[in-house]
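*Asks:* Pasting a structure here, questions to come.
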Amino acid sequence: MNIKELDSEYIAGTYGRFPLVLKSGKGSLVWDEDGREYIDLGTGIAVNTFGIADEEWNSAVTAQLSKLSHTSNLYYSEPCAKLAEALCLRTGMKKVFFSNSGAEANECAIKVARKYAAEKKGREYYTIITLKNSFHGRTITTLAATGQDVFHNDFTPLTEGFAYAGANCIEEVEALVAENKCAAVMMEMVQGEGGVNPLNEDFVSDVAELCRRKDILLICDEVQCGNGRCGSLYAYMNYGIEPDIVSTAKGLAGGLPLGATMLGEKVKDVLTPSSHGSTFGGNPVCSAGALNILSRIDDELLADVRKKSEYIKNVLCGADGIVSVSGMGLMLGVKTERDAGEVIAECMENGVLVIKAKDKVRLLPALNIPMELLSRAVEVLKRAAANK
Ligand SMILES: *Cc1c(COP(=O)(O)O)cnc(C)c1O
């Protein structure tokens, strides 16, 4: 059997894959099993922050791999301690819990919010408000947090205690806060899976103010929009707010599985021995990768991310067949007159990998993609959108 046949025979049928077997890559280039070359504007869904097989990242990871690849959390180890310090110094958050994925980072955020509210206000204060069209993960609880019925249908009953407000509708948030005993509001600054939609600044600052007034925790899900993706280290920094909890994963370790839940002043001591845990969480190899990534997301790189974002918008906005470009930094959603799936397939035929978000073409290039590759890839997308 070839790889596609093996996969459909033996791998659970959860993924509608593109008809492409990827074999190797270098930076923003990737090759399939027949040696065809593609420019990668998807980075494994915002994971390969500095592209594939990046040399500096490779050395950091392999050095740790050959020293100590796993310890469990029964012992101290250097990489995760240093990574937690770096995250706190860069964000002003106070403590970090490490896990292995975005869903787990959000699970931890939810547990912390419930425990904080139970201890401070009473156990009945468990409701967490999330936004319609959000995406927070695939576990039963993070599915419950996800404000999209399509994800819920076959898996009920889900975890109780979530209520959904319209994105950018402060009146709906206020109404839910009035009706429910709330622990937290959780939201993505840029809804990724929901179609690459940034929240409005006024809405975000109104929610932050409401949370402060009512002692409701503000949780930012930065699993996709964080780690430099939106032109600041974390997307909430573009909004001038100070969340109580920040969850992240995807791009954090630059291609290895690592989740982090950062805890601010109010909640820094909520987690106590055995209240939460993870066997792999903060794994030394993943943490070494993340330390390397984080050290390179500096002001110069972030300015470059914003510049490349402007470049893409300038080329695409108003071009033939392009309806709009949404998003921030190098997390962009391109609405085309043609069906997004057709545009994506045509890009692939012409050597460019892009992905979908709802009815849009989603661009998530490596933060250090060379301008020459970026401009070639954007031209391919532009021609596909124009159907030329
Ligand atoms: C991808 C994603 C998740 C889930 O992350 P996994 O690592 O797949 O569990 C959660 N929240 C957001 C905003 C995401 O984009």
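*Asks:* List every residue pair whose Cβ atoms sit under 9 Å apart, with the two residues 6 or more apart in sequence or on different chains, where the first one lies in region 96-116 and is under 16 Å from CYS220 (Cβ atoms) and the second, anywhere, is among the basic types (Lys, Arg) and near the ligand (Cβ under 9 Å from one of its atoms).
*Replies:* Listed by first residue and then by second, the contacts come to GLY102/LYS250; ALA103/ARG138.
*Asks:* Does ASN73 qualify as being within 12 Å of the ligand (Cβ to nearest atom) and within 26 Å of THR142 (Cβ to Cβ)? Outline the logic, then answer.
*Replies:* Values: within 12 Å of the ligand (Cβ to nearest atom): no; within 26 Å of THR142 (Cβ to Cβ): yes.
The answer is no for ASN73.
*Asks:* Here's something else I'd like to know. For the structure I just gave you, tell me whether GLY259 is away from the ligand (no atom under 13 Å from the Cβ), open to solvent by less than 10 Å² (accessible area, probe 1.4 Å), modelled with pLDDT of 95 or more and touching a helix residue (DSSP H, G or I) at 6+ places or on another chain (Cβ under 9 Å).
*Replies:* Working: away from the ligand (no atom under 13 Å from the Cβ): no; open to solvent by less than 10 Å² (accessible area, probe 1.4 Å): yes; modelled with pLDDT of 95 or more: yes; touching a helix residue (DSSP H, G or I) at 6+ places or on another chain (Cβ under 9 Å): yes.
It is false that GLY259 is away from the ligand (no atom under 13 Å from the Cβ), open to solvent by less than 10 Å² (accessible area, probe 1.4 Å), modelled with pLDDT of 95 or more and touching a helix residue (DSSP H, G or I) at 6+ places or on another chain (Cβ under 9 Å).
*Asks:* Just checking, how many residues over region 217-243 are within 16 Å of the ligand (Cβ to nearest atom), open to solvent by 10 Å² or more (accessible area, probe 1.4 Å) and β-branched (Val, Ile, Thr)?
*Replies:* Count: 1.
*Asks:* Could you give every pair whose Cβ atoms fall below 6 Å, whose first residue belongs to region 208-232 and is in contact (Cβ under 8 Å) with a residue 12 or more places away in the chain, and whose second residue is in a strand (DSSP E or B) and away from the ligand (no atom under 16 Å from the Cβ), counting only separations of at least 6 or pairs across chains?
*Replies:* Once the first residue is in contact (Cβ under 8 Å) with a residue 12 or more places away in the chain and sits in region 208-232, its partners that are in a strand (DSSP E or B) and away from the ligand (no atom under 16 Å from the Cβ) give ILE216/CYS182.
*Asks:* Any residue at all in region 146-153 that is modelled with pLDDT of 95 or more, within 12 Å of the ligand (Cβ to nearest atom), closer than 18 Å to CYS220 by Cβ and not hydroxyl-bearing (Ser, Thr, Tyr)?
*Replies:* There is at least one residue in region 146-153 that is modelled with pLDDT of 95 or more, within 12 Å of the ligand (Cβ to nearest atom), closer than 18 Å to CYS220 by Cβ and not hydroxyl-bearing (Ser, Thr, Tyr).
*Asks:* For region 143-163, give me each residue that is over 21 Å from GLU179 (Cα atoms) and hydroxyl-bearing (Ser, Thr, Tyr).
*Replies:* THR156
*Asks:* Next question. Here's a check for you: in region 38-66, which residue that is part of a loop (DSSP other than H, G, I, E, B) and not hydroxyl-bearing (Ser, Thr, Tyr) is surrounded by the fewest Cβ atoms within 10 Å (Cβ to Cβ)?
*Replies:* Here is the first cut: in region 38-66, the residues part of a loop (DSSP other than H, G, I, E, B) are 41-42, 47-51, 53-54.
Now narrow it down to the ones that are not hydroxyl-bearing (Ser, Thr, Tyr): 41-42, 47-48, 50-51, 53-54.
Details: LEU41: 27, GLY42: 22, VAL47: 19, ASN48: 26, PHE50: 25, GLY51: 24, ALA53: 14, ASP54: 24.
Checking each candidate, the answer is ALA53.
*Asks:* What are the residues in region 262-286 that are touching a strand residue (DSSP E or B) at 6+ places or on another chain (Cβ under 9 Å), farther than 30 Å from ASN58 by Cα, assigned to a loop (DSSP other than H, G, I, E, B) and open to solvent by less than 60 Å² (accessible area, probe 1.4 Å), if any?
*Replies:* GLY264, LYS268, VAL270, LEU271, HIS276
*Asks:* For residues that are touching a residue at least 24 places away in the same chain (Cβ under 8 Å) and surrounded by fewer than 17 Cβ atoms within 10 Å (Cβ to Cβ), tally how many sit in region 119-131. Quick ask: steps written out before the conclusion?
*Replies:* Kept after step one, since they are touching a residue at least 24 places away in the same chain (Cβ under 8 Å), are these residues of region 119-131: 119-122, 124-131.
Restricting the remaining residues to those that are surrounded by fewer than 17 Cβ atoms within 10 Å (Cβ to Cβ) gives 119-122, 124.
Total satisfying the criteria: 5.
*Asks:* Would you mind stating whether VAL246 is open to solvent by less than 10 Å² (accessible area, probe 1.4 Å), among the β-branched types (Val, Ile, Thr), more than 10 Å from the ligand (Cβ to nearest atom) and in contact with a Phe, Trp or Tyr (Cβ under 8 Å, 6 or more places away or on another chain)?
*Replies:* Values: open to solvent by less than 10 Å² (accessible area, probe 1.4 Å): yes; among the β-branched types (Val, Ile, Thr): yes; more than 10 Å from the ligand (Cβ to nearest atom): yes; in contact with a Phe, Trp or Tyr (Cβ under 8 Å, 6 or more places away or on another chain): yes.
Yes, satisfied.
*Asks:* Scan region 114-139 for residues that are within 16 Å of the ligand (Cβ to nearest atom), more than 21 Å from GLU174 (Cβ to Cβ) and either in contact with an Asp or Glu (Cβ under 9 Å, 6 or more places away or on another chain) or not in a loop (DSSP other than H, G, I, E, B) (or both) and report the count.
*Replies:* Total satisfying the criteria: 4.
The values are calculated or read from the model by the stated rules, or taken from the named source; none is laboratory data. Computed from a prediction, not measured in an experiment: that's the story for all the values here. All Cβ positions, even for glycine, are placed from backbone atoms using ideal geometry, and neighbour counts span all protein chains on display. Only protein heavy atoms, including side chains, enter the accessible area calculation; ligands, DNA and RNA are left aside. Shrake-Rupley method; radii C 1.70, N 1.55, O 1.52, S 1.80 Å.
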